[in-house]
Amino acid sequence: MKVVIVGTGYVGLVTGACLAEVGTEVVCADVDAAKIARLQNGILPIYEPGLQEIVMRNQQGARLSFTTDLAAALPKAEVVFIAVGTPPGEDGSADLKYVLQVASQIGQLMDHYLVVVTKSTVPVGTAARVNRAIKESLVARRLILDYDVASNPEFLKEGAAVNDFLKPDRIVVGVNTMRARQTLEQLYRPFLLNGHPILFMDIASAEMTKYAANAMLATRISYMNDIANLCGLAGADINQVRKGIGSDPRIGKHFLYPGIGYGGSCFPKDVKALIQTGREYGYQLRILDAVEAVNEDQKRLLFQKVLRHFDGDIRDKKFAVWGLSFKPNTDDMREAPSLVLINSLLSAGAIVSVYDPVAMEEALNYLGSNVTFADNMYSAAEDAAAVLLVTEWNTFRMPDWARLQGLMQSPLLFDGRNIYDDVQLVKQGFTYYGIGNAA
Ligand code: UGA
C-alpha cells in the first residue's frame, strides 16, 4: 500500500517512518523546502529516541521518501494523512488554516479514490470541514471522484513516540464508509498482531476521543498538584499518598506525579482548545477551567518557594537550573515550565545558569543570552545559591552530592519533580524543598 503524509512535524514524521518500517510505501510531503532537504540527507528536525535509525533504514530501503511536491506524491496513493500543525488561535481554539489548505490542495490534485485522514489533533467537526474543502476543489474542477474522509488521532508521547506508534495501546479510527474502514484496517494490520485493538467509531467520536484523553491526563496532573499543595500545608507526604491511591487499579499509578505543571505542545493547547469547543456549543467545561488555572499557578510554585527562602531578595544570586525541556527524552521547549521559572528568576535580578543534556540548542531560541549555558550539571552549579531541578532526566537522578556541596555557595536544592530522597539529602547537609512539602 502507498501512503502520503502531509506535514513532517512530530506526528507526521513518526507516522511516516513507522508505517514504512512495517513495509508500507510512504512519501512525506512538506512545504518547508529546507526541512525536506535536510530530511533527504537524514537530518531530523527533532530529537526523538529511535527515530533517526528508522528514518535512515527505510530511506535506504526506498520505502520512505521526502518531497515538497504533493502533486508528484499522490499518484497511486490509497491514503493521505493530514498531519500539519494546528497552532492555537488567540482564543485558544485550534487554528485549522493549514489543515483546510491541505484538504483543498488534495481536492485540486487527486485523480483517483483516496481516504483522506486527519492525523493532526483537530476539534470535533473538522473532518466534515475537510470533506467540504475537498468537495469544493473537485466542484471547481468539475470533477466527480469518489473519496472518503476519516479521523485517526495519534496518541504518541514525545520521547517514546516510536515505541508508542509501533506498539499502540489502541488505534482509534473514525470512518463513515465500509471502504474507508477496510483500507485503514489493512494499513494498520501489522500493528494489531500482538492483540492491540483497533477501535472503529464514527468520525466525531474519534475526534473527541483525542481531546478527552489528553484532557483527562491533564486533569490527573492538576488534581495531583492540588493535592500535593494541600499535603504540604497539612503535613502529609504526597509521595506516600500517590502510592496509596495509585495501587487502586481503578485509579492506576500512571500520571499521578506532581511537579511544576504540565507543558509541551499537546496538553496546554488541547485543554484550551477543548474549553473553546465547549464555549462554541454554549457549554462551560468547568473542570477543565480549573485544570488550567491550577497548572498556571503550579508553573510559578518553585519560584515562589525560592523567593520565600530568600525573604524576597534574590538579586545577583546565582541559580542553577537542571533540565529545560518540558519533560525528559525530548528537546521540545514548547510551553516548558522551565521558561516560566527562568524568566521569573531573571526578572527578580537573579543570575541563571542552565544545563540540559539535549535541549540546550533548542532552548537558545527561547532564552538567548540571558542565561549561561553550562557544559555540565556541576559547572552549572558552581557558586550557585541553589540548584533547581526542573526536568527529571536520568543524568540528574544520582548526583555526586559531596561534589555538588563543595561547588555551591550553600547546599540548597529545590526539587520540582520530587525525584530526590529528602531525608538522605538533609542528612547530607542540604536544605531541601520538594513539591508538596511544608515549605
Ligand atoms: C501527550 C499524551 O500523553 C499523548 O498520549 C498524546 O498523544 C500527546 O500528548 C499528543 O497529544 O500528541 P506529551 O505531550 O508528549 O504526550 O507528554 P506527556 O508525557 O503526556 O507529558 C505531558 C506533561 O505532563 C509534561 O510536562 C510532564 O512533565 C507532565 N506530567 C506527566 C506530570 O507533571 N506528571 C505526570 O504524572 C505525568
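With n ≥ 4 as the cut-off for DSSP H runs, can you work out [θ] at 222 nm for the chain, using -39500 (n - 2.57) per run divided by the number of residues, rounded to the nearest 500? List each step's numbers first, then the result.
Values: 17 runs with 195 residues, N = 439.
Theoretical 222 nm ellipticity from helices: -13500 deg cm²/dmol.
Hey, what did the chain get for relative contact order, percent, Cα under 8 Å, at least 6 apart?
Working: 848 pairs, mean separation 51.8, N = 439.
Relative contact order for the chain comes out at 12 percent.
Tell me, how many Å apart are the Cα centres for the range 179-212 and for the range 106-156?
The range 179-212 and the range 106-156 have Cα centres separated by 17 Å.
Relative to the first principal axis of the alpha-carbon coordinates of the chain, what is the inclination of helix 178-188, with its axis defined by its Cα atoms, in degrees from 0 to 90 and to the nearest 10?
So the inclination is approximately 50 degrees.
Mind checking the angle between helix 286-309 and the chain's longest principal axis? C-alpha axes, 0 to 90 degrees, to the nearest 10.
Approximately 30 degrees, to the nearest ten.
For the range 2-201, state the average projected area of the convex hull of the C-alpha atoms over all orientations, rounded to one decimal in nm². Don't jump to the answer; show the numbers that get you there.
Details: hull surface 43.9 nm².
The number I arrive at for the range 2-201 is 11.0 nm².
Which of the peptides 188-195, 232-239 is most tightly packed, and how do the rest follow, going by the mean number of other Cβ atoms within 10 Å of each residue? Show your work: numbers first, answer last.
On the way: 188-195: 11.8, 232-239: 15.5.
Top to bottom by mean Cβ count within 10 Å: 232-239, 188-195.
With only Lys, Arg, Asp and Glu charged, each at its Cβ (+1 for the first two, -1 for the last two), find how big the charge dipole of the chain is about the Cα centre; round to the nearest 20 debye. Working shown, then result.
On the way: 42 positive and 48 negative charges, 162 e Å.
Roughly 780 debye for the chain.
Could you give the size of the charge dipole of the range 108-166 about its Cα centre, using +1 on the Cβ of each K and R and -1 on the Cβ of each D and E, expressed in debye and rounded to the nearest 20?
Values: 7 positive and 7 negative charges, 60 e Å.
Once rounded to the nearest 20, the dipole reads 280 debye.
Roughly what % of Cα-Cα distances in the range 158-308 sit above 29 Å, to the whole percent? Can you show the working numbers first?
On the way: 3728 of 11325 pairs.
Pairs farther apart than 29 Å: 33 percent.
What ranking do 339-352, 150-163 get when scored by the average of other Cβ atoms within 10 Å per residue, highest first?
Values: 339-352: 18.7, 150-163: 21.0.
Order by mean packing, descending: 150-163, 339-352.
May I ask you to derive the relative contact order of the range 267-433, considering only C-alpha pairs under 8 Å and at least 6 residues apart, and to give it as an integer percent? Write out the running numbers ahead of the final one.
On the way: 266 pairs, mean separation 32.9, N = 167.
So the answer I get is 20 percent.
Of the listed peptides 83-91, 260-268, what is their order by residue-averaged count of other C-beta atoms within 10 Å, with the highest listed first?
Working: 83-91: 17.0, 260-268: 24.1.
Listed from highest to lowest mean packing, they are 260-268, 83-91.
Rounded to whole Å, give me the distance from the Cα center of the range 58-93 to that of the range 1-32.
If we compute the Cα centre of each part, the gap is 6 Å.
May I ask for the percentage of alpha-carbon pairs in the range 47-166 that lie more than 18 Å from each other?
Numbers: 4247 of 7140 pairs.
In whole percent, the share of Cα-Cα pairs in the range 47-166 beyond 18 Å is 59.
Cα-Cα pairs above 20 Å in the range 337-439: how many percent?
On the way: 1909 of 5253 pairs.
Of the Cα pairs, 36 percent sit more than 20 Å apart.
Can you give the relative contact order of the range 96-216 as a percent, counting alpha carbon pairs under 8 Å and 6+ residues apart?
Numbers: 172 pairs, mean separation 34.1, N = 121.
Relative contact order of the range 96-216: 28 percent.
Computed FRET efficiency, Cβ-Cβ of residue 201 and residue 398, R0 56 Å: what is it to the nearest 0.05?
On the way: r = 45 Å, r/R0 = 0.81.
Given R0 = 56 Å and the Cβ-Cβ separation, E is 0.80.
Which is farthest toward the positive dipole end of the chain among 107, 355, 433, measuring Cα position about the Cα centre, with Cβ charges +1 (Lys, Arg) and -1 (Asp, Glu)?
About the Cα centre, the residue reaching furthest to the positive side is 107.
What list of ³J(HN,Hα) values in whole Hz, one per residue of the range 234-250 in order, does the Karplus curve 6.51 cos²θ - 1.76 cosθ + 1.60 (θ = phi - 60°) give from phi, with Gly and Pro shown as x?
Computed from phi, the couplings for the range 234-250 are 9, x, 9, 9, 4, 5, 5, 4, 4, 5, x, 7, x, 7, 7, x, 5 Hz.
Could you state the per residue volume, in Å³, of the convex hull enclosing the Cα atoms of the chain? Walk me through the intermediate numbers first.
Values: hull volume 68.8 nm³, N = 439.
For the chain, the hull spanned by Cα atoms encloses 157 Å³ per residue.
Which percent, nearest 5, of DSSP beta bridges in the chain are antiparallel? Show your work: numbers first, answer last.
Values: 2 of 45 bridges.
Restricted to the chain, the bridges split so that about 5 percent are antiparallel.
We did not get these values from a lab; they are worked out from the coordinates using the rules stated. All values reported here derive from a predicted model rather than from experimental measurement. Reconstructed Cβ throughout: ideal geometry from the backbone, glycine too, with neighbour counts over all protein chains shown.
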